[in-house]
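For reference, the structure is listed below as structure tokens.
The values are calculated or read from the model by the stated rules, or taken from the named source; none is laboratory data. Quick caveat: nothing in here was measured; it's all calculated off a predicted structure. Reconstructed Cβ throughout: ideal geometry from the backbone, glycine too, with neighbour counts over all protein chains shown.
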């Protein structure tokens, strides 16, 4: 059964399924985060979508749908995300450019 905003707020520790591979992960500490479980190239991957306090249920569903589309199109979203992190300038580079 699909999650609701109220269920997200009051869910106990564990994994709570929404739909199409989207899960709410609630830790014992009460921390809540969104995870999309998908399969790509024969491997199962869990892709973090962010903390539930920052990413509302509706936004998590949209992010999950976009990632599923990317996987169907043959993209590897985990690699794409890692490449984005690598392309960010380092602190050293920024300070050298400024000074």
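So which of 71, 55 ends up being modelled with pLDDT of 80 or more and part of a loop (DSSP other than H, G, I, E, B)? So that I can check it myself, show each step before the final result.
Values: 71 fails: part of a loop (DSSP other than H, G, I, E, B).
Of 71, 55, the one residue that is modelled with pLDDT of 80 or more and part of a loop (DSSP other than H, G, I, E, B) is 55.
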Listed residues 20, 16, 40; which is surrounded by 12 or more Cβ atoms within 10 Å (Cβ to Cβ), within 21 Å of residue 77 (Cα to Cα) and over 14 Å from the mean Cα position of the chain (by Cα)? 40
For the range 78-98, indicate whether the set of residues that are surrounded by 13 or more Cβ atoms within 10 Å (Cβ to Cβ), in contact with a strand residue (DSSP E or B) (Cβ under 7 Å, 6 or more places away or on another chain), outside any loop (DSSP other than H, G, I, E, B) and modelled with pLDDT under 90 is non-empty. yes
